[in-house]
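Input: a single structure, listed below in structure tokens.
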Amino acid sequence: MQLYTKILLGLVLGAAVGFAANVFQLQGLTTVLLALEPIGTAFIRLITMIIIPLVVASLMVGTASLGDLAKLGRIGGKTIGFYLCTTAVAVTIGLMVSNVVKPGSRIDDTTRDALSARFEGDAVSRMQLADEAPRVIDTLLNIIPRNPIQSAANLELLPLIFFTIIFAAAVSVIAPKRREAVITFFEGVNDASMVVIDWVMKLAPYAVFALIAAVVADFGADLLVSLLVYSAVVVAGLLIHLTVTYGLAVRFLARLPFGTFLRRISKAPLVAFSTSSSNATLPVTMETAETEVGISKPVASFVLPLGATINMDGTALYQAVAVMFIAQIYGIEIGIAEQLIVVLTATLASIGAAGVPSAGIITLIIVLNAVGLGAQVQAGIALILGVDRILDMIRTSVNVTGDLTAAAVVARSEGEDLSFEPRGGRSAA
Ligand code: ASP
């Protein structure tokens, strides 16, 4: 059985067992499932621990072996351009679906107030986190690390990418003998990291079971009923973005059959779904790009870590729907001008959101403030918090699929021959 089939099986079984425990109120089973959750946490830690060696080594090898810095600049321009465009499209889809379905007008005042009251405390703590967010100029300055080791220690990928590219560019111009030595060393680190990922992924089906079963068993199913239309609008928007935006990009820009592409990459969105974290999924995303789609190392090692940090189409789309939902509930008109502000701020907010669970709901506060919903922030966040985890799982899968789509599109535009065949491979010699 293929690994992705096993992961899917773990996911379905986990959901079924969790659902049974939840719906039939099986306290004993719920306790057991919650006790199993650390297996999932162990898995997340195991793949997270390989992020730094993998990103540094693969970016180092990718950039240093390019030997052509103009090419790197070109790849960078295309990547950022593609990321910005698809995110803006995602927000627009979110707005369109919300305008048509109007999820907020379907909630009565009693349900609204009950939901707000239930999650009030949680909402306050999220708002405090948003207050701590740095200003735009600081965010830009923070891309330049003072100490790359510290960036690595804090899992801050953007400054680490910045440093590694500069360092690798320097490696590419030093004496050939020394250059080869550095590249060979990092090639070894890269290959060993890939082997660790292969080992860790053997645990994935069990970890996915543990993670999903605990989430579903512990989930307030009553909430889903009252927030069903809202959740359905988010999911419908995400599905449209996945099938139409990515479908067209993969078919016509990357020139690959979309169905086969989805099947080949499915390991990555499945892990994203279970972990709710683009960052934690990054090692799997990188391995998948190279071994399943045949994307070259220079492209994969640059496009994907950048994507895990700044490209979050699913998050941006979800934020658009959430803003419209909250405004509709409170009977506040969001006109065309405000919707344009949503496109702009949700795109930027999703760039600023870290690739970790629940990051999107914190940066949502920025979007709410930007469209004049400042007074409704606390109650509004409280209102949607109850279903956030489930929606986070789904939007994170879309975020990761977006990164892989971009990698395929950029690789093809650089003339790569994508044939779903692994590139180069890991030499045992
Ligand atoms: N969990 C998402 C991610 O890691 C971010 C978010 O939407 O909260 O991509």
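We did not get these values from a lab; they are worked out from the coordinates using the rules stated. Remember, it's a predicted structure, so these values are computed and weren't measured experimentally. When we count neighbours, we look across all protein chains shown, and the Cβ atoms used for this are built from the backbone with ideal geometry, even at glycine.
Can you tell me the convex hull volume per residue for the range 265-319, based on C-alpha atoms, in Å³ to the nearest whole number?
Working: hull volume 4.0 nm³, N = 55.
Looking at the range 265-319, the number lands at 73 Å³ per residue.
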Cα-Cα separations in the range 55-159 greater than 16 Å, expressed as whole percent: 80 percent
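Normalising by the residue count of the chain, find the relative contact order in percent from Cα pairs under 8 Å and 6+ residues apart.
Averaging sequence separation for qualifying contacts and normalising by length gives 31 percent for the chain.
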Per the charge dipole of the range 177-284 (beta-carbon charges, Lys/Arg positive, Asp/Glu negative, Cα centre), the residue among 182, 244, 226 reaching farthest to the positive end is 182
Once you list every other residue whose beta carbon is under 12 Å from the beta carbon of residue 170, what net charge do they have if Lys and Arg are +1 and Asp and Glu are -1? +2
Residue farthest toward the positive end of the dipole of the chain, with Cβ of Lys/Arg at +1 and Asp/Glu at -1: which of 53, 273, 330? 53
Length released on extending from residue 358 to residue 74, taking residue separation times 0.36 nm less the Cα-Cα span: 99.0 nm
Among 111, 40, 86, the residue whose Cα sits farthest towards the positive end of the charge dipole of the range 23-133 (+1 at Cβ of Lys and Arg, -1 at Cβ of Asp and Glu, taken about the Cα centre) is 86
If you put +1 on each Lys and Arg Cβ and -1 on each Asp and Glu Cβ, how big is the dipole of the range 77-195 around its Cα centre, in Debye rounded to 20? 480 debye
List the trypsin sites (Lys or Arg not before Pro) in the range 258-319 that DSSP assigns to loop (not H, G, I, E or B) and whose Cβ has at most 15 other Cβ atoms within 10 Å. Which are they? none
Charged-residue dipole, Cβ positions (Lys, Arg, Asp, Glu), the chain about Cα centre, Debye nearest 20: 980 debye
Anything over 31 Å Cα to Cα? Flag those among 71/177; 6/71; 78/267; 202/297; 6/297, in the order listed. 6/71
Dimensionless Rg ratio for the range 318-429, taking C-alpha atoms and the 2.2 N^0.38 Å reference: 1.42
log₁₀ of I(q)/I(0) at q = 0.19 Å⁻¹ - the range 214-341, Debye sum with one point per alpha carbon: -1.21
The range 325-427 - charge dipole about Cα centre, Lys and Arg +1 at Cβ, Asp and Glu -1, debye rounded to 20: 220 debye
Based on the Kirkwood radius over alpha-carbon pairs, what is the Stokes-Einstein translational diffusion coefficient of the chain at 37 °C with 0.692 mPa s viscosity, in µm²/s? 148 µm²/s
Coil-residue trypsin sites (Lys or Arg not before Pro) of the range 155-258, DSSP, other Cβ within 10 Å capped at 15: 202, 255
Mean projected area, convex hull of alpha-carbon positions in the range 157-297, reported to one decimal in nm², is 11.6 nm²
Sum up the charges of everything whose Cβ sits under 11 Å from the Cβ of residue 63, counting Lys and Arg as +1 and Asp and Glu as -1, but leave residue 63 out. +1
Of all GluC sites (Glu not before Pro) in the range 78-163, which ones are in loop regions per DSSP and have a Cβ with at most 11 other Cβ atoms within 10 Å? 132
For the chain, modelled as a Gaussian network with Cα springs under 10 Å, which listed residue fluctuates most, 147, 369, 311? 147
Cα gyration tensor of the range 1-125, axes a ≥ b ≥ c as square roots of the eigenvalues: rounded (a/c below 1.5), prolate (a/b > b/c) or oblate? oblate
